[in-house]
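Engineer: Quick one: the structure is below, and I'll ask about it shortly.
The values are calculated or read from the model by the stated rules, or taken from the named source; none is laboratory data. Here the structure is a predicted model, which means the values were calculated and not measured. Counting neighbours? That spans all protein chains shown, and the Cβs are built from the backbone with ideal geometry, glycine included.
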Amino acid sequence: MTKRLSLTGKLLIAMHAVRGDDFERSVVFICSHTEDGAMGLVINKPAPRMVFADLVEKLNLDQTSEEILNLPVMLGGPVKQFQGFVLHSGDYKTDESMRVGAEFVLTATTDVLKAIAGGKGPHSKILTLGYAGWNPGQLESEIINNAWLHCDADPALVFGTSHERLHDAALAKLGVSAAMLSSEAGRA
């Protein structure tokens, strides 16, 4: 029996074949990839006119850290766009948090938002609304059909690169540039 490749904790990088607002030039952090499907967060597509200050106001959070108010909120994907997720560093964790690989944690409770607003949250973080989901075999099929490349995720790339540059930086991690890519899948 062949062992299945899991992309949990990896980045998906959209290829030219991926079109539309949700995924064009997107970078997706894969939170879970099993035989039951995959779940990930688009981490480079900001929600229009939304920053953390809007969540602080909407959720009536006590806020002590002014510098965090302009943190962008990303459109994590087209599924459950009113559900929030925080992908963050391992220096903050609750019982409800899920470790993703050695260096990332995912938390989807308001506790993490309260901690961030109060200046006690994780040092590195990406806030998202919604997520991307794939049925069993769907992501594998999309990869075979030249929709996605994938690479290792590391904190410097994920948290240390602006969302505007993340797609190009993830491609560069693989040693390629967007200009080198074709929208046609190769066949042997």
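Engineer: Output the residues belonging to segment 106-136 that are within 13 Å of Phe29 (Cα to Cα), touching a helix residue (DSSP H, G or I) at 6+ places or on another chain (Cβ under 9 Å) and of a type in the set (A, V, I, L, M).
Structural biologist: Ile126, Leu127
Engineer: Among the residues in segment 75-98, are any over 20 Å from Ala169 (Cβ atoms) and in contact (Cβ under 8 Å) with a residue 60 or more places away in the chain?
Structural biologist: Taking every residue of segment 75-98 in turn, at least one turns out to be over 20 Å from Ala169 (Cβ atoms) and in contact (Cβ under 8 Å) with a residue 60 or more places away in the chain.
Engineer: All but one of (1) buried (at least 16 other Cβ atoms within 10 Å of the Cβ); (2) of a type in the set (D, E, K, R); (3) farther than 25 Å from Arg49 by Cα hold for Asp152; state the number of the condition that does not hold.
Structural biologist: The failed condition is (1).
Engineer: Further question: Mind listing whichever residues of segment 26-53 are of a type in the set (Lys, Arg) and modelled with pLDDT of 95 or more?
Structural biologist: Within segment 26-53, Lys45 is the sole residue that qualifies.
Engineer: Same structure, new question: Given the structure, is Ala117 under 17 Å from the mean Cα position of the chain (by Cα) and farther than 27 Å from Ala147 by Cα?
Structural biologist: no
Engineer: Would you call Val105 crowded, with 16+ Cβ neighbours inside 10 Å, at pLDDT 95 or above and in contact with a Lys or Arg (Cβ under 9 Å, 6 or more places away or on another chain)?
Structural biologist: yes
Engineer: Checking Leu129 against (1) surrounded by fewer than 21 Cβ atoms within 10 Å (Cβ to Cβ); (2) under 19 Å from Val158 (Cα atoms); (3) free of Cβ contacts under 8 Å to residues at least 60 places away in the same chain; (4) out of contact with any Ser or Thr (no Cβ under 7 Å at 6 or more places or on another chain), only one condition comes out false. Which one?
Structural biologist: (3)
Engineer: What is the number of the single condition among (1) closer than 14 Å to Tyr131 by Cβ; (2) touching an Asp or Glu at 6+ places or on another chain (Cβ under 9 Å); (3) loosely packed, with under 14 Cβ neighbours inside 10 Å; (4) not charged (D, E, K, R) that Thr94 does not meet?
Structural biologist: Looking at each condition in turn, Thr94 falls short on (1).
Engineer: Got a number for residues in segment 17-62 being out of contact with any Lys or Arg (no Cβ under 7 Å at 6 or more places or on another chain), among the small types (Gly, Ala, Ser) and on the phi < 0 side of the Ramachandran plot?
Structural biologist: Of the residues in segment 17-62, 6 are out of contact with any Lys or Arg (no Cβ under 7 Å at 6 or more places or on another chain), among the small types (Gly, Ala, Ser) and on the phi < 0 side of the Ramachandran plot.
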